[in-house]
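Remarks on the structure that follows.
No lab work stands behind these numbers, since they all come straight from the coordinates. Model, not experiment: these values are computed from the prediction. Methodologically, a virtual Cβ is constructed for each residue, glycine included, from the backbone with ideal geometry; neighbour enumeration extends over all protein chains shown.
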Amino acid sequence: MKYVWITFVVLVSAFAACEVWAIQQFADLPDAVVEEFLLRKVEGATREGKTLKLQTDGGIITFVDRIHAEEGYAKYFLVGHLTPAHGYCYLIRTFGYEGKRYVLVNQKTGQTIDLYNIPIFSPDGKRFVDVSLDLDAGYHPNLIGIYKLEDNEYIIEWKHNYQELKGPANPVWLDNSAIVFFEVTFDKVPTVSNLKKKPFIIEWENNKWNIPRPLK
């Protein structure tokens, strides 16, 4: 029960203070409106027609919309400007022919990382967690991945794939070495109305991340 209590306290405090909360405030607004606001606020980000340009210390990164490409369809929107401890990052939401993804762009190095969801950074900014949950359409895998900062760039450090009809959601860092999240699955009947969530935790122990275990 101790961990469950901590989980809900952290969930409330974290979403009240971090950039993810700020991003979610735009959830009901069209992405074009969100981007227009950010382009006025974020230095180094501009749009010229179908081209979104992001200035980095390593040069300009461009994302070009392909709106008449059928299965090659792609539409990009700037939806966030994150500030982990090491520096600034642009967050791009991309819509493809099937589903949506995210791209994290390091404003200092120009590194781009394709992600399934909004990255959740550890308190020290040296790691972030990415989750993918797709129990319905099956376009994306169900997985949780942890990236770490190494030589000023983030690399994948650990990944856990779910083979059954279940997956992760709503990850939150308890501290720099522990992540709590919900494992989502169906309760008997596989429909959205029968989704159930159970809290799990991942911890850094003996120089490695352990497999997710349920909170007790």
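Tabulated values for the structure
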{"read-out": "Residue list for the range 43-91, restricted to those being within 22 Å of residue 118 (Cα to Cα) and in contact with a Gly (Cβ under 7 Å, 6 or more places away or on another chain)", "value": "54, 55, 56, 61, 73, 74, 84, 85, 86, 91"}
{"read-out": "Number of positions in the range 193-212 that are surrounded by 12 or more Cβ atoms within 10 Å (Cβ to Cβ), out of contact with any Pro (no Cβ under 8 Å at 6 or more places or on another chain) and over 11 Å from residue 177 (Cβ atoms)", "value": "3"}
{"read-out": "Qualifying residue in the range 198-211 (condition: touching a residue at least 24 places away in the same chain (Cβ under 8 Å), at positive phi and outside any loop (DSSP other than H, G, I, E, B))", "value": "no"}
{"read-out": "Those residues of the range 70-88 which are of a type outside the set (Ser, Thr, Tyr) and touching a residue at least 24 places away in the same chain (Cβ under 8 Å), in sequence order", "value": "70, 71, 72, 77, 78, 79, 80, 81, 82, 84, 85, 86"}
{"read-out": "Residue in the range 106-116 that is in a loop (DSSP other than H, G, I, E, B) and in contact with a Cys (Cβ under 8 Å, 6 or more places away or on another chain) present", "value": "yes"}
{"read-out": "Qualifying residue in the range 126-146 (condition: in a strand (DSSP E or B), farther than 25 Å from residue 31 by Cα, in contact (Cβ under 8 Å) with a residue 40 or more places away in the chain and not hydrophobic (A, V, I, L, M, F, W, C))", "value": "yes"}
{"read-out": "Matching residues, the range 62-91, being surrounded by fewer than 20 Cβ atoms within 10 Å (Cβ to Cβ) and assigned to a loop (DSSP other than H, G, I, E, B)", "value": "65, 67, 68, 69, 73, 83, 85, 86, 87, 88"}
{"read-out": "Condition check for residue 52: under 21 Å from residue 130 (Cα atoms), part of a strand (DSSP E or B), of a type in the set (A, V, I, L, M) and in contact with an Asp or Glu (Cβ under 9 Å, 6 or more places away or on another chain)", "value": "no"}
{"read-out": "Tally of residues being of a type outside the set (A, V, I, L, M, F, W, C), more than 14 Å from residue 58 (Cβ to Cβ) and crowded, with 18+ Cβ neighbours inside 10 Å across the range 95-109", "value": "1"}
